[in-house]
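Engineer: I'd like to ask you about the structure that follows.
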Amino acid sequence: MSLTASAALPRVIVPPGWAAVAVSEDNGDTARRVFREAWTQGPRDSIGPFIHRLEEWLVSVLDDARDAGCFRVILPMGVPWQVPVSTAISLSFAPAAAREASALPGAELRDTDAGTARRLVTDLPVAGADPEALALLRTVEYVWPLPDADGALIAFASISGQPVAEFAPVTDALTVLIETMLDALEWPRSPAEQTMNSEDSA
């Protein structure tokens with residue numbers, strides 16, 4: 001049995017306009033559920049192609065997360081960003097054998113609602129990068145020991161955008177928001193809450 005199937009799934013509070021989407025073997029149905037309400041926002045013949053592109057994008061994101069062993073992806077789904085900077089957070093479990101490899105050498109200890117985590121923020125080099133192209137700007141990683149199993153919970157957030165100095169405040173603001181969400185992550189307090197978390201898909 002995998003850690004995803006046996007370990008308690010954490011609870012994450014997401015801000016308005018964001019969604020915590022469960023990853024599954026077939027993410028097509030999940031994407032259609034996420035964007036179901038969008039069909040009411042305009043004529044189907046004009047809004048349909050746009051929604052289908054959003055569904056295809058989300059399926060691609062969730063499939064990549066599934067292939068990486070993640071069980072949930074947290075990302076903004078509301079009003080499109082006014083600047084070309086975006087982010088996503090993935091959650092996964094690491095078994096005991098991989099726990100040391102996921103300990104984030106050089107990380108600092110961070111007090112969170114789920115207990116003490118190791119946290120590492122990494123700024124990626126963008127010197128000489130094309131300012132018109134999207135690049136990975138920063139990653140934020142948290143690792144917690146599992147409370148009832150020999151393994152770890154890993155949260156990996158990436159912030160991507162155009163490597164332009166004017167957009168740096170957006171990257172910093174997203175970092176604060178990511179850390180606020182992850183600092184407030186907590187383990188379920190009852191079997192009923194664990195079931196609710198496992199059934200939450202968006």
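Engineer: If you count only protein heavy atoms with a 1.4 Å probe, what accessible area per residue comes out for segment 112-175, rounded to a whole Å²?
Structural biologist: 48
Engineer: Would you kindly state how much longer the chain becomes between ALA38 and ASP64 on full extension, computed as 0.36 nm times their sequence separation minus their alpha carbon distance, in nm to one decimal?
Structural biologist: Roughly 7.0 nm would be gained on extension.
Engineer: Per residue of segment 120-127, what does 6.51 cos²θ - 1.76 cosθ + 1.60 with θ = phi - 60° give for ³J(HN,Hα)? Whole Hz please, x for Gly and Pro, Karplus curve as stated.
Structural biologist: Each residue of segment 120-127 in turn: 9, 10, 10, 8, 8, x, 10, 4 Hz.
Engineer: Given the peptides 142-155, 49-62, 121-134, arrange them by the average over their residues of other C-beta atoms within 10 Å, most packed first.
Structural biologist: 142-155, 49-62, 121-134
Engineer: How large is ³J(HN,Hα), in whole Hz, for each residue of segment 106-113 in order, when computed from phi with the Karplus curve 6.51 cos²θ - 1.76 cosθ + 1.60 and θ = phi - 60°, using x for Gly and Pro?
Structural biologist: So the Karplus estimates, Gly and Pro as x, are x, 6, 9, 7, 9, 7, 9, 5 Hz.
Engineer: Quick query: amide H of GLN162 versus all other amide H atoms, modeled in the peptide plane; which residues come in under 5 Å with a sequence gap of 5 or more or a different chain?
Structural biologist: Close amide H contacts, sequence-distant or interchain: ALA135.
The values are calculated or read from the model by the stated rules, or taken from the named source; none is laboratory data. Note that this is a predicted model, so its numbers are computed, not measured. Glycine also receives a Cβ, built like all others from the backbone with ideal geometry; neighbour counts cover every protein chain displayed. Protein only, heavy atoms only, side chains kept; ligands, DNA and RNA dropped before computing areas. Shrake-Rupley method; radii C 1.70, N 1.55, O 1.52, S 1.80 Å.
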